[in-house]
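Colleague: Below you'll find the structure I mean.
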Amino acid sequence: MYYNKKIFSRELRKNSTCEQKLVWEKLKNRQYKNLKFRRQHVLQGFVVDFYCHELKLILEIDGKIHEKQKEYDYLRQILIEEKGIRFIRVTNEETNTDINVLFHRIKEAIMDSSSKNQPAP
């Protein structure tokens, strides 16, 4: 079945989960380390929860639906990672329990990116 990914991503933005809204409140308008994040962004034909082009980083907040589509998520992630884009996945439960887990993982990704961009001694 064909559907327009842009329209689909717009609908997902309108119907974000509580956890996605919580994360978006901390990421929008470059609030987090002046990084530009997009939500429900179409990337390589797939819709991802959050994407930061500067870091080539995807954030996925996995809810119950992801339990039913693990194989799809895994294959999608492999296809996107082949293009040099990294994933951070957290569950709804992790986001609700301690959202700082997500931001700690983002900091690690920033540090990892910085170390890869440094010239060799």
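Each reported figure results from applying straightforward, stated rules to the coordinates on display, with no laboratory input. Worth saying up front: this structure is predicted, and the values here are computed from it rather than measured. Glycine also receives a Cβ, built like all others from the backbone with ideal geometry; neighbour counts cover every protein chain displayed.
Colleague: Which one is surrounded by the fewest Cβ atoms within 10 Å (Cβ to Cβ) among residues in segment 79-91 that are assigned to a helix (DSSP H, G or I) and of a type outside the set (D, E, K, R)?
Modeller: Out of the qualifying residues, it is L79.
Colleague: Being free of Cβ contacts under 8 Å to residues at least 24 places away in the same chain, outside any loop (DSSP other than H, G, I, E, B) and more than 23 Å from H53 (Cα to Cα) is the filter here; which residues of segment 92-110 pass it?
Modeller: E93, E94, T97, listed by residue number.
Colleague: Identify, please: which residue in segment 18-64 is of a type in the set (D, E) and farther than 16 Å from L79 by Cβ and is, among those, surrounded by the most Cβ atoms within 10 Å (Cβ to Cβ)?
Modeller: Here the answer is D49.
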